[in-house]
Amino acid sequence: MTLRLHNTLTGTKDAFQPLTPGQVGMYTCGPTVWNFAHVGNLRAFLFYDLVRRHLQASGYHLTHVMNLTDIDDRILDQAKHAGVTIGEYVKPYEAAFFEDMAALRAQQAEHYPRATEHIPEMIEMISTLIEHQYAYVADGDVYFRIASFPSYGALSHLDRSGLKPGVRVATDKYDKESVSDFALWKKAQPQDETLGAAWDAPFGRGRPGWHIECSAMSKRYLGETFDIHAGGIDLMFPHHENEIAQSEAANHKQFARVWLHSEHLTDATGEKMSKSAGGFTTLRDLVDAGHDPVAVRFFLVANAHYRARLRLSTEALHAAAEQVRRLREFADRVRRSAPGDAADDGLLRRIAEVRSAYREALDDDLNLPQGIGLVFELVREANAALDADRVGTDAREALLAFIAEFDAHLDVVRAEEPGLADEVERLISERETARNARDFARSDQIRDELRQKGIALEDSKDGVRWRRVR
Ligand SMILES: [Zn+2]
């Protein structure tokens, strides 16, 4: 039984084999922190979480990198509107992203690099691309020359004939050689200076395009070739094609070996949820409407296979909440149960059978919905056995082990992060000490650290209080 993952690059389910035995390097495209994440984004982020958790459950040591895009056109527009720098503008949205992730119980990645903190790496890669004719400067902007990269489009199995490489097109905005060439660097405009969005580079002062950040930051943290790259399906073209072109042209090495793409979340009318289309739902909206973030988690991660579309509806969220309730109730019941008098060896065999089928479902391209179906079958059978007092010591132990096993993916059964309260109290007292010593940098750092855990602090005259935020 080995883990098989559907690789967009090959178009098939392939046995997963990392470059270094036992170790996995994974890059996932993170949020653009110009606004709150919508539930469609959160579906992709929880898909990354599922990949993480199953790799860990399979015994791999993981280095997971998720970028924070803290510079792009929308951020510049909004910051200008608000009269602040881009750094000031994105701060609350970045905090909101970490709050959402904590409320949804997503595990933390090992690295969350910010684009604006990796400009030198991007400049270096762009310089290499220019030097080797993969990129060119046009009126202060830098473009990737798609005609120089023959395998462009391999990931999305794109028909290149429509790209007409080498055809010079004049548009009102760009001076590109070919309409499909994409920007690596954009010449600084006067407003970029006041917004804190301009950097010096050998090819002219400006700011990076979006695609180059993922190529530069994945190289910095995972090297030139790494195991898994994941993202939402809407990023496959052109973003992921562009990442591959930039990285493979600059490094002359294969970029990511396995590409995973998660499908869209659609709204009640079946339309893809997106910010640009206007109507989008955030986690805050769902919580305000009375939904528990843990039920939202269950719905997003377990209601459909990641490569199938999923439709958001109030009914589906209520059903998810009910499933979470049943799993928690079952776990409590097993924990409280005493070994029965007339132990049923048939149940023990069934548990072993279901556990093995569950693992097989997850190893089969992360088919959690199928796995959950098996879990509920066993819950029914085990509940009947508990009713009849037929659960012996071994069966009880096996059930507890299985609950821990599926909750390692689902993470909906446990009520509270163990030891969280102690950890929070410790950090609060450390922050008090820092403040008394007028070390405000450390004090702010601790506040941010707690925010990432989904904890907000309130200074009151009676001291510091903390609460969970969503
Ligand atoms: Zn990316």
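With r defined as the distance between the Cβ atoms of A57 and R328 and R0 fixed at 25 Å, what FRET efficiency is calculated, to the nearest 0.05?
It comes to 0.75.
Once each part is reduced to its C-alpha centroid, what is the distance from the range 68-120 to the range 332-366 in angstrom?
The distance from the Cα centre of the range 68-120 to that of the range 332-366 comes to 43 Å.
Going by a ≥ b ≥ c, the root eigenvalues of the Cα gyration tensor, does the range 1-149 fall in the rounded group (a/c under 1.5), the prolate group (a/b larger than b/c) or the oblate group?
Judged from the Cα gyration tensor, the range 1-149 comes out oblate (a/c at least 1.5, b/c at or above a/b).
For the range 283-440, just say rounded, prolate or oblate: build the C-alpha gyration tensor, square-root its eigenvalues into a ≥ b ≥ c, call rounded for a/c under 1.5, and beyond that prolate if a/b exceeds b/c, oblate if not.
Values: a/c = 2.31, a/b = 1.47, b/c = 1.57.
Oblate is the answer for the range 283-440, as a/c is 1.5 or above yet b/c matches or exceeds a/b.
Measure nothing but the geometry: give the 0 to 90° angle between the long axis through the Cα atoms of 420-436 and the longest principal axis through the Cα atoms of the chain, rounded to 10°.
Approximately 50 degrees, to the nearest ten.
What FRET efficiency comes out for D159 versus D73 if R0 is 35 angstrom and r is the Cβ-Cβ distance? Round to the nearest 0.05.
Values: r = 28 Å, r/R0 = 0.81.
The pair D159/D73 has a calculated efficiency of 0.80.
If exposed means no more than 12 neighbouring beta carbons inside 10 Å and the site is in a DSSP loop, what's the longest run of the chain without any exposed GluC sites (Glu not before Pro)?
Details: sites that count: E271, E416.
Between exposed loop sites, the widest span is 1-270.
Compute the angle between helix 293-302 and the longest alpha-carbon principal axis of the chain, please, reported from 0 to 90 degrees and rounded to the nearest 10.
Orientation of helix 293-302: about 80 degrees from the principal axis.
Any chance you could give the angle, 0 to 90 degrees and rounded to 10, that helix 368-387 forms with the longest Cα principal axis of the chain?
Rounded to the nearest ten degrees, it is 10.
Quick check: from the Cα gyration tensor, does the range 289-335 come out rounded (a/c under 1.5), prolate or oblate?
oblate
Express the accessible area of the chain per residue in Å², computed with a 1.4 Å probe while the remaining protein chains stay in the model.
It amounts to 44 Å² per residue over the chain.
Positive end of the charge dipole of the chain (Lys, Arg +1 and Asp, Glu -1 on Cβ, about the Cα centre): tell me which of F226, A441, G209 has its Cα farthest that way.
Ranked along the dipole, the leading option is G209.
Given a 1.4 Å probe and every protein chain left where it sits, what share in percent of the accessible area of the chain is carbon and sulfur? It would help to have the intermediate numbers written out before the result.
Numbers: 10190 of 20880 Å².
Summing carbon and sulfur atoms, their accessible area is 49 percent of the total for the chain.
With +1 on each Lys and Arg Cβ and -1 on each Asp and Glu Cβ, and nothing else charged, work out how big the dipole of the chain is about its Cα centre, in Debye to the nearest 20. Walk me through the numbers before you get to the answer.
On the way: 58 positive and 73 negative charges, 51 e Å.
Here the chain has a charge dipole of around 240 debye.
The values are calculated or read from the model by the stated rules, or taken from the named source; none is laboratory data. None of the values given here were measured: they were computed from a predicted structure. Quick reminder, even Gly has a Cβ in these numbers, built from the backbone with ideal geometry, and neighbours come from all protein chains shown. Ligands, DNA and RNA are stripped out before the accessible areas are found, and what is left, the full protein with its side chains, is counted by its heavy atoms. Shrake-Rupley method; radii C 1.70, N 1.55, O 1.52, S 1.80 Å.
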